[in-house]
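**Q** My questions all concern the structure below.
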Amino acid sequence: MGNRCAVIGVGQTAYRTKRADVSLAGLVREAALRALEDAGLTFADIDSVVLGKAPDMFEGVATPELYLADALGAAGKPMMRVHTAGSVGGSTALVGTSQVQAGVHERVLVVAFEKQSESNATWALSTHSPFSASLVVGAGGYFAPYIRAYIRQSGAPGNIGMMVAVKDRINALRNPYAHLKIPNIDLAMVEESMMLWDPIRYLETCPSSDGAVAMVLGSERAAAAAAAATGRRPAWVHGAAMRSEPMGMAGRDSVDPRAGRDCAADVYRQAGVTEPRRQFAAAEVYVPFSWYEPMWLENLGFAEKGAGWKLTEAGATAFDGDIPWNPSGGVLSSNPIGASGMIRFAEAAQQVRGQAGEHQVAAAADGSRLALGHAYGGGSQFFAMWAVGANKP
Amino acid sequence: MTTQASSASQTSDERVLHVLEFPGGYTRSTGPVIGRFLTGLRSGRIYGVRTPDGKVLIPPTEYDPVTAAALGAADEDWVEVGPAGTVTSWTWVDEPRGDHPLDRPFAWALIRPDGADTALLHVVDSGSKAAMATGMRVHATWRAERTGSVKDIAAFAPGEGPAEVPVLAGEAELEPVSVVTLPHRLEYRLRGGTVWNHFIDGMAVGQIRGTRCAACGKVYVPPRGACPADGLPATEWVDLPDTGVLTTFAVNNVPAAGAPEVPFISGYVLLDGADIAMLVLVSDVPWQDVRIGMRVRAVWVPEAERTRSVKNLKWFAPSGEPDVPYERFEEYV
Ligand SMILES: [Zn+2]
């Protein structure tokens, strides 16, 4: 794993349908300054900047890292941009983590963003190649068949997705940054919402959000200094990994991708996790469509194959369950796509730092257990995950 | 809802014209600093922003490129510069293209307006290359119709002026600029390569062609030039039947330009003899009757109307054969 790496500052913008008051630069800056303030630092203290961004077609800004260097205080410093589709926020955090673990840098600012209001993600996702037929189905149309296949394989009852949708939206009510706040949400409301991409209903999908998230990652020495200056404890990275797989490969399991299983196994090995459900106190997992909770419960080894839905049904993943998933409200409640993965990582860190506010899971803050941050992207093609804890690994 | 404007057509030299155009264009929230600059241009004035160390930046930036400090928060940080200035560097364009700002030869130049410490990239309409020189004096000429864009400056012209700004009708009633819309159009000419060309030649005669990997024996359709699993060339061609099994599907109720009328079924069909399912349209069946495991057959456009296009294969429809048990194709979902 190399040198120890810790999260010493976290900053988020509120997630909204449209942030008309700021430019892209103003948006990323807001998150970056909050992360620096949380770490008790300024741009001058940062050694390296890593920026994550979903496909350029989303906003039509090619190479945004050029344009955003000023806003992120990158003058005279190394700066790079990361892109791994929807998982990019997670991968960006992990690139920054590697720089610290490798001993290259002491303090790294990692930032991810999306201003979805400036374009149309479905259009950007459906720009076909002239060498294949396009059905213009967007992300929902792409993932719906795999959800149907999961339901067929697992025999899950039809209401599991709706239960996730309700759970995550209720959690979002505790999170001041969350985009969707639906105070009286219940199963009936989800069930009555329009079937968009059968079997995905409107209220089982993520919103389109504007927003940004940033973290300051630090070495052991930087973490000690930040804790002394701010009185806030760091979150230590216990395990971190990325995996990819080809999207179109004969025999590929799109319901339960091997890259996801391998990525989790690598993180668990590093972190000494053999029983994820018991050893994690909270998990922030990339669930853009409700059914991906039971699917990822299995893929990440929290449940046996075919049994993920039973954990959801039993309430194990609820805020007061034994393994809360997405206490922040998750991607179903806020989805600035390029940032969504890093938000999962940052929220996991906040849980073990005891900084999650009203959506703090008590057991995550006592130091005895870890929190999981997870992101996936492409057609379930890229995975990025980390396990963080209050104690040094 | 969503609209799609992409198209592909074959050009004579086997390249495919591929156009991507986002209908209506992307929007940009300008933020207060860029917004103030654009609002200034709309009234025929060029504003720069002052950094803490006294430099005046044009175009203004939201953050100091050196210290990363936020700029332009106070009124006194804003400075009107120009309208005359000095050319600091330039290049000549002999043959303007269709999307260039002038239809006659012109110079692209870096122009430092009087009172500014940085230069703006713009156009000098000098009439001839011989009239251009580094250090020459130029002044802005303004369009009568201004929208809050750097193109509100029609061009820079040699000399100190005059610098009259045509009155913009109704300007007093306009809100400050806070959003701009940017049309984007990307045009590619792509070559399909030998594998795709052979595939599309098959499509032209109603034949679905796949490739088989010599190492693992998997049959790919649409064909792949190399096997994604082991990276080896997949050079053996396989003619596949146009029948298969529907492994899974979605019922799409979200209308989109370029997409079929809703509700439509998109699904994965595992052709008989293939090792990977193809994403296709399923039709000629009420959506309520579509099932995982349904046997399907391709529906083609009539022979006389076929072109060299994947669109020859219109969609898949139920073949009427008995359903296939899930266990028989589970690993191909
Ligand atoms: Zn092979």
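The values are calculated or read from the model by the stated rules, or taken from the named source; none is laboratory data. Keep in mind that what you see is a predicted model, and the values were worked out from it rather than measured. Don't worry about glycine lacking a Cβ; one is built from the backbone with ideal geometry, like all the others, and counts go over all protein chains shown. Just the protein is used for accessible areas: all its heavy atoms, side chains included, with ligands, DNA and RNA removed. Shrake-Rupley method; radii C 1.70, N 1.55, O 1.52, S 1.80 Å.
**Q** Determine whether segment A:307-323 contains at least one residue that is more than 15 Å from the chain's Cα centre (by Cα), closer than 30 Å to A:Asp198 by Cβ and of a type in the set (D, E, K, R).
**A** Looking through segment A:307-323, at least one residue is more than 15 Å from the chain's Cα centre (by Cα), closer than 30 Å to A:Asp198 by Cβ and of a type in the set (D, E, K, R).
**Q** State whether the residues of segment B:100-108 include one that is more than 14 Å from every other protein chain (Cβ to nearest Cβ) and surrounded by 18 or more Cβ atoms within 10 Å (Cβ to Cβ). Write out each step before concluding.
**A** The initial filter retains those residues of segment B:100-108 that are more than 14 Å from every other protein chain (Cβ to nearest Cβ), namely B:100-108.
Imposing the further condition that a residue be surrounded by 18 or more Cβ atoms within 10 Å (Cβ to Cβ) reduces the set to B:106-107.
Scanning segment B:100-108, I find at least one residue that is more than 14 Å from every other protein chain (Cβ to nearest Cβ) and surrounded by 18 or more Cβ atoms within 10 Å (Cβ to Cβ), so the answer is yes.
**Q** Separate question: Taking segment B:222-238 as the search range and keeping residues that are touching a Pro at 6+ places or on another chain (Cβ under 9 Å) and within 9 Å of the ligand (Cβ to nearest atom), which one is most open to solvent (accessible area, probe 1.4 Å)?
**A** Looking at residues that are touching a Pro at 6+ places or on another chain (Cβ under 9 Å) and within 9 Å of the ligand (Cβ to nearest atom), I get B:Ala229.
**Q** Testing A:Arg252 on (1) crowded, with 20+ Cβ neighbours inside 10 Å; (2) touching a residue at least 40 places away in the same chain (Cβ under 8 Å); (3) over 17 Å from the mean Cα position of the chain (by Cα); (4) within 13 Å of chain B (Cβ to nearest Cβ), one condition comes back false. Which one is that?
**A** (2)
**Q** Looking at segment B:280-302, can you tell me whether even one residue there is facing chain A (nearest Cβ under 8 Å) and open to solvent by less than 20 Å² (accessible area, probe 1.4 Å)?
**A** yes
Listed here are the residues, each with its yes/no results for (1) open to solvent by 10 Å² or more (accessible area, probe 1.4 Å); (2) part of a loop (DSSP other than H, G, I, E, B); (3) not polar (S, T, N, Q).
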| site | (1), (2), (3) |
| --- | --- |
| A:Leu332 | no, no, yes |
| A:Ala346 | no, no, yes |
| A:Gly367 | yes, yes, yes |
| A:Asn391 | yes, yes, no |
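**Q** Still on this model: Could you grab me the full set of residues in segment B:226-246 that are of a type outside the set (A, V, I, L, M, F, W, C), closer than 20 Å to B:Phe329 by Cβ and within 13 Å of chain A (Cβ to nearest Cβ)?
**A** To start, the set of residues in segment B:226-246 that are of a type outside the set (A, V, I, L, M, F, W, C) comprises B:228, B:230-231, B:233, B:235-236, B:239, B:241-244.
Restricting the remaining residues to those that are closer than 20 Å to B:Phe329 by Cβ gives B:228, B:241-244.
Scanning segment B:226-246 gives a single hit, B:Pro228.
**Q** What single numbered condition from (1) within 16 Å of the ligand (Cβ to nearest atom); (2) in contact with a helix residue (DSSP H, G or I) (Cβ under 9 Å, 6 or more places away or on another chain); (3) within 8 Å of chain A (Cβ to nearest Cβ) fails to hold for B:Phe249?
**A** Result: B:Phe249 fails condition (1) only.
**Q** Give me a count of the residues in segment B:200-221 that are in contact with a strand residue (DSSP E or B) (Cβ under 7 Å, 6 or more places away or on another chain), open to solvent by 10 Å² or more (accessible area, probe 1.4 Å) and more than 16 Å from the ligand (Cβ to nearest atom).
**A** The total comes to 3.
**Q** Still on this structure: What's the number of the condition B:Gly148 fails, among (1) open to solvent by less than 40 Å² (accessible area, probe 1.4 Å); (2) within 14 Å of chain A (Cβ to nearest Cβ)?
**A** (2)
**Q** Further, regarding this structure: Checking B:Asp275 against (1) among the charged types (D, E, K, R); (2) away from the ligand (no atom under 16 Å from the Cβ); (3) touching a residue at least 24 places away in the same chain (Cβ under 8 Å), which single condition isn't satisfied?
**A** Among (1) among the charged types (D, E, K, R); (2) away from the ligand (no atom under 16 Å from the Cβ); (3) touching a residue at least 24 places away in the same chain (Cβ under 8 Å), the lone unmet condition for B:Asp275 is (2).
**Q** Using beta carbons and a limit of 7 Å, which pairs, at least six apart or on different chains, have the first residue in segment B:213-233 and in contact (Cβ under 8 Å) with a residue 12 or more places away in the chain and among the basic types (Lys, Arg) and the second one assigned to a loop (DSSP other than H, G, I, E, B) and more than 6 Å from the ligand (Cβ to nearest atom)?
**A** These pairs meet every condition: B:Lys218/A:Ala250; B:Lys218/B:Asp275; B:Arg224/B:Ala234.
**Q** Considering only residues of segment A:124-140 that are assigned to a loop (DSSP other than H, G, I, E, B) and more than 7 Å from chain B (Cβ to nearest Cβ), which is modelled with the lowest pLDDT? Spell out the reasoning first.
**A** In the first step, residues of segment A:124-140 are kept if they are assigned to a loop (DSSP other than H, G, I, E, B); the result is A:126-137.
Subset that is more than 7 Å from chain B (Cβ to nearest Cβ): A:129, A:134.
Details: A:Ser129: 71, A:Ser134: 65.
Here the answer is A:Ser134.
**Q** From the list A:Arg243, A:Arg261, which residue is within 29 Å of A:Asn159 (Cα to Cα), within 19 Å of the chain's Cα centre (by Cα), surrounded by fewer than 24 Cβ atoms within 10 Å (Cβ to Cβ) and among the basic types (Lys, Arg)? If you could, list the steps in order and put the result at the bottom.
**A** Numbers: A:Arg243 fails: within 29 Å of A:Asn159 (Cα to Cα).
On inspection, the qualifying residue turns out to be A:Arg261.
**Q** Name the residues in segment A:99-152 that are free of Cβ contacts under 8 Å to residues at least 40 places away in the same chain and of a type in the set (Lys, Arg), would you?
**A** Answer for segment A:99-152, where residues must be free of Cβ contacts under 8 Å to residues at least 40 places away in the same chain and of a type in the set (Lys, Arg): just A:Arg152.
**Q** Checking B:Pro241 against (1) more than 16 Å from the ligand (Cβ to nearest atom); (2) within 26 Å of B:Leu17 (Cα to Cα); (3) open to solvent by 40 Å² or more (accessible area, probe 1.4 Å): exactly one of these is not met. Which one?
**A** Every condition holds for B:Pro241 apart from (2).
**Q** Go through segment B:69-108 residue by residue and tally those that are part of a loop (DSSP other than H, G, I, E, B) and touching a Lys or Arg at 6+ places or on another chain (Cβ under 9 Å).
**A** Let us first name the residues in segment B:69-108 that are part of a loop (DSSP other than H, G, I, E, B), namely B:69, B:71-74, B:82-83, B:94-105.
In the following step, the residues that additionally are touching a Lys or Arg at 6+ places or on another chain (Cβ under 9 Å) were identified as B:71-72, B:82-83, B:94, B:96, B:101, B:105.
Number satisfying all stated conditions: 8.
**Q** OK, next. Condition (residue is more than 28 Å from B:Pro32 (Cα to Cα), in a loop (DSSP other than H, G, I, E, B), modelled with pLDDT under 90 and open to solvent by less than 60 Å² (accessible area, probe 1.4 Å)) applied to segment B:162-169: is it met by at least one residue? Before the answer, list the steps.
**A** Start the filter on segment B:162-169 by keeping residues that are more than 28 Å from B:Pro32 (Cα to Cα), which leaves B:162.
From the residues that got through so far, the ones that are in a loop (DSSP other than H, G, I, E, B) too are B:162.
Remaining after also requiring modelled with pLDDT under 90: B:162.
Narrowing further to those that are open to solvent by less than 60 Å² (accessible area, probe 1.4 Å): none.
No, segment B:162-169 has no match at all.
**Q** Scanning segment B:315-333 for residues that are within 10 Å of chain A (Cβ to nearest Cβ) and outside any loop (DSSP other than H, G, I, E, B), which turns out surrounded by the most Cβ atoms within 10 Å (Cβ to Cβ)? Quick ask: steps written out before the conclusion?
**A** In the first step, residues of segment B:315-333 are kept if they are within 10 Å of chain A (Cβ to nearest Cβ); the result is B:315, B:326, B:330-333.
Now drop any that are not outside any loop (DSSP other than H, G, I, E, B), which leaves B:315, B:326, B:330-332.
Values: B:Trp315: 22, B:Tyr326: 16, B:Glu330: 14, B:Glu331: 13, B:Tyr332: 20.
Filtering segment B:315-333 for residues that are within 10 Å of chain A (Cβ to nearest Cβ) and outside any loop (DSSP other than H, G, I, E, B), the one surrounded by the most Cβ atoms within 10 Å (Cβ to Cβ) comes out as B:Trp315.
To keep it simple, each residue is scored yes or no on (1) at pLDDT 95 or above; (2) open to solvent by less than 40 Å² (accessible area, probe 1.4 Å); (3) within 22 Å of A:Ala224 (Cβ to Cβ); (4) part of a loop (DSSP other than H, G, I, E, B).
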| position | (1), (2), (3), (4) |
| --- | --- |
| A:Met1 | no, no, yes, yes |
| A:Gly11 | yes, yes, yes, no |
| A:Ala14 | yes, yes, no, yes |
| A:Arg19 | yes, yes, no, yes |
| A:Arg29 | yes, yes, no, no |
| A:Gly73 | yes, yes, no, yes |
| A:Ser91 | yes, yes, no, no |
| A:Glu114 | yes, yes, no, no |
